[in-house]
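In what follows, a single structure is set out as C-alpha cells and then discussed.
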Amino acid sequence: MLHSFEHHQARNDNLYKQKEKSMTNASLRTTQLLVVDDDPSMARLLAKVIERQFADGIELTSLTDPREARRQIEEHIVDILITDLEMPGVNGLELLRCAKRRNASTQVLFLTGHSTLDALTDALELGATDYLLKPLDQAQLIKLVGDAQERLLRWREALAGTLCARGGRQAVSTG
C-alpha cells in the first residue's frame, strides 16, 4: 500500500510541475501582434507607437496588404490583430474570422473612421475585442493593446492550467 501511495504522490507532484512549467511558458512567450491597414502612414504610426511602448513583450508585424495579412494569419499564430475595418479586397471582418478560426483566443482590435453600425455590430458578434476611432488616439491604443495582452495571458494560463489538470495531455496551442 505504501508503494502505491508514494507512486500516486509522485505522479501528483509531477503533474503540478508540468502545470507550473506550462503556465510559465505560456506567460513568457512573446506576444505575436499583427497590424493591418491599407494606409501605409497609419500602419507605420501604429507600429511606431506599439514598438515604443511594448518593445520587450511583443513581436510586431505590420502589413498594408490585407490579402497578405490573411496569408500571414493562416500560416502563423496571431495573438493580437489590429486591423482597419474597411479595406479593399479583404476587409477587417474577414481577417477577424480567419484569425478566430486559427486561434480562438486572438484579441482583435478594429480601427475605423467611417464604419456603419452594421459593420461594428458584425465585428462585435464575431468576437472583436474592441475598436479605435480614427484619427488615432495614441494613449487609447496603448491602453487597449495592454488590456488585450493581459486578457491573452489570462486565457493562456487558464488553458494551460485546465489541460494540465486533465492529466498532462498535450496542450492546445494558444499562440
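Nothing in this text is a laboratory measurement; each read-out follows from the coordinates by a stated rule. The structure displayed is predicted, hence computed values, not measured ones. Please note: Cβ atoms are built from the backbone with ideal geometry, for glycine as well, and neighbour counts cover all protein chains shown.
The ranking of 39, 56, 79, 118 from fewest to most other beta carbons within 10 Å of each one's beta carbon is 56, 118, 39, 79.
Multiplying the residue separation of residue 118 and residue 102 by 0.36 nm and subtracting their alpha-carbon distance yields 3.3 nm.
As a calculated quantity, the FRET efficiency between residue 147 and residue 67 at R0 = 35 Å, using C-beta atoms, amounts to about 0.75. Highest average first, the peptides 41-54, 82-95 ordered by how many other beta carbon atoms sit within 10 Å of their residues are 82-95, 41-54.
Counting charges near residue 59 (Lys, Arg +1; Asp, Glu -1) among other residues having Cβ under 13 Å from its Cβ returns a value of -2.
Placing a pseudo-label 7 Å from each Cα along the Cα-to-Cβ vector at residue 158 and residue 53 gives an inter-label distance of 2.3 nm.
Summing charges over all other residues whose Cβ lies under 12 Å from the Cβ of residue 109, with Lys and Arg as +1 and Asp and Glu as -1, gives -3.
For region 30-165, the relative contact order comes to 22 percent (Cα pairs under 8 Å, sequence separation of at least 6). In this rough spin-label picture, where each label sits 7 Å from Cα along the Cβ direction, the residue 139-residue 29 distance is 3.4 nm. Report note on the peptides 131-139, 146-154: ranked by the mean count of other C-beta atoms within 10 Å, highest first, their order is 146-154, 131-139.
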